[in-house]
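Encoded as structure tokens, the structure appears first; notes follow it.
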Amino acid sequence: MVARILGGLMSLLLAATPLAAQIGDQLEQDSGSPNSRVGTRGANFLELGVGARAMAMGGAYVAIAEGVESMYWNTAGLARTVGLSVGYSYSPLYPELDMGMHFVGLAVPLLGGVVGFSANVFTSGDMLRTTTDYPDGGDPLFGESFTFNAQAVGLHYAFNLTDRLQLGFAGRFIQEGIADAKANYVGLDIGALFRTGLLGTTIGASLANLGTESDYAGRAVTRRTTETIAGGTRVSDANLVTREASVPTIFRFSILWELTGSPEALFGGVSQHRAVLLTDVSDAIDTAPQGLLGLEYSYSEILFLRGGKKWVNENRGPWEFSDGLSGGVGFRVPFLDQHFMLDYAYVSMGDLDNVQVFTFAYGF
């Protein structure tokens, strides 16, 4: 019965991936260039990744997703929550430009499963505003500077269908833009986790950001015209045509192997030393498929050491590891039948410089 349910869900997720590829206007590629749709979607901040634990493992996280971070990677992992959980993650992407990504989540067992609330917030910092009339800045109509902000607010629900199979669903309202021009989207997530019971293997899959299209609207894309008619004047507003874009749909598939630390582990036996290995594949609508590899070691579920690799889409040899390498450390301290968690990650991003991620959480 479980195998049939899992097979049906996987078929749904796999079938939805090519369907998602048809959402929105497709750009024709240049015959002399490799196929690439990078930067052709709206709300691209949703692809940046959140949470120090996941980022330290190179983003290979879907099959081990749990806690508030699971609401970004695989909502099904939220079903593992047994009490109130809260968490906050911050990543200063370009400190000199004051850019950063914030993530906050809250989860509570409710309605026969677990209900969660999440918010992703990307901030750009102040940037000089230039216009055609004031190319050096100082436009009195729009002001000296502007900021680009993006937010995604999500409502999540996950539950245990069986003792081995968890399912999760989520809806998000997404907005991005500047004060005078914004675009709004709605996105849906579907996720599943299946613990096979064979050699500590868990399979995870998620389809994220299956959503709507939107274009920008606001004062910055509105022009006012004045016409003289029959001795009088008529004032009218017209909106400039902006191209519609859709959210960046992503399909992720993940396999986790427990190496040591549990009776079902590959090398068997309960131990204070636990190690897991994850291999993920991420296929987004605007990027080529990416491979991800993650490893986590824990001692007594208190100290955690992590490492990972993400094969980014660059014209480099397949075994050049300098970009996409990551690592991190975590601490978990028991408190009132729950845990305080502090995680740190460091990610090498090549020409984009390096990224650090900090996460604070309380819960199970």
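The values are calculated or read from the model by the stated rules, or taken from the named source; none is laboratory data. Only a predicted model underlies this, so the values are computations on that prediction, with no experimental measurement involved. Counting neighbours? That spans all protein chains shown, and the Cβs are built from the backbone with ideal geometry, glycine included. Please note that ligands, DNA and RNA were not included when accessible areas were found on the heavy atoms of the full protein model with its side chains. Shrake-Rupley method; radii C 1.70, N 1.55, O 1.52, S 1.80 Å.
Quick look at the values:
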| item | result |
| --- | --- |
| For segment 195-210, 3J(HN,Hα) per residue [Karplus equation, 6.51 cos²θ - 1.76 cosθ + 1.60, θ = phi - 60°, Hz, x = Gly/Pro] | 8, 6, x, 9, 6, x, 8, 10, 10, x, 8, 8, 10, 10, 6, 7 |
| Heavy atoms of GLU144: accessible area, 1.4 Å probe, square angstrom to 10 | 120 Å² |
| Between segment 267-311 and segment 76-146, the alpha-carbon center distance in angstrom | 26 Å |
| Residue-level accessible surface for ASP353, protein heavy atoms, 1.4 Å, Å² | 90 Å² |
| Solvent-accessible surface ranking, highest first, for HIS156, HIS273, HIS102 at 1.4 angstrom | HIS273, HIS102, HIS156 |
| Neighbour cut-off at most 10 other Cβ (10 Å), DSSP loop, trypsin sites (Lys or Arg not before Pro), segment 238-316 | none |
| For segment 249-260, 3J(HN,Hα) per residue [Karplus equation, 6.51 cos²θ - 1.76 cosθ + 1.60, θ = phi - 60°, Hz, x = Gly/Pro] | 5, 9, 10, 10, 10, 9, 10, 10, 10, 7, 7, 9 |
| Net charge, VAL62 excluded, C-beta distance under 9 Å - Lys, Arg +1, Asp, Glu -1 | 0 |
| Residue-wise HN-Hα coupling along segment 265-278, computed from phi with Karplus coefficients 6.51, -1.76, 1.60 (Hz; x: Gly, Pro) | 5, 4, 9, x, x, 6, 8, 5, 9, 10, 9, 10, 10, 10 |
| Probe 1.4 Å, all protein chains present, accessible-area order of THR130, THR249, largest first | THR130, THR249 |
| For SER89, solvent-accessible area (1.4 Å; no DNA, RNA or ligand), Å² | 10 Å² |
| Ranking by accessible area, most exposed first, for TYR134, TYR362, TYR61 with a 1.4 Å probe | TYR134, TYR362, TYR61 |
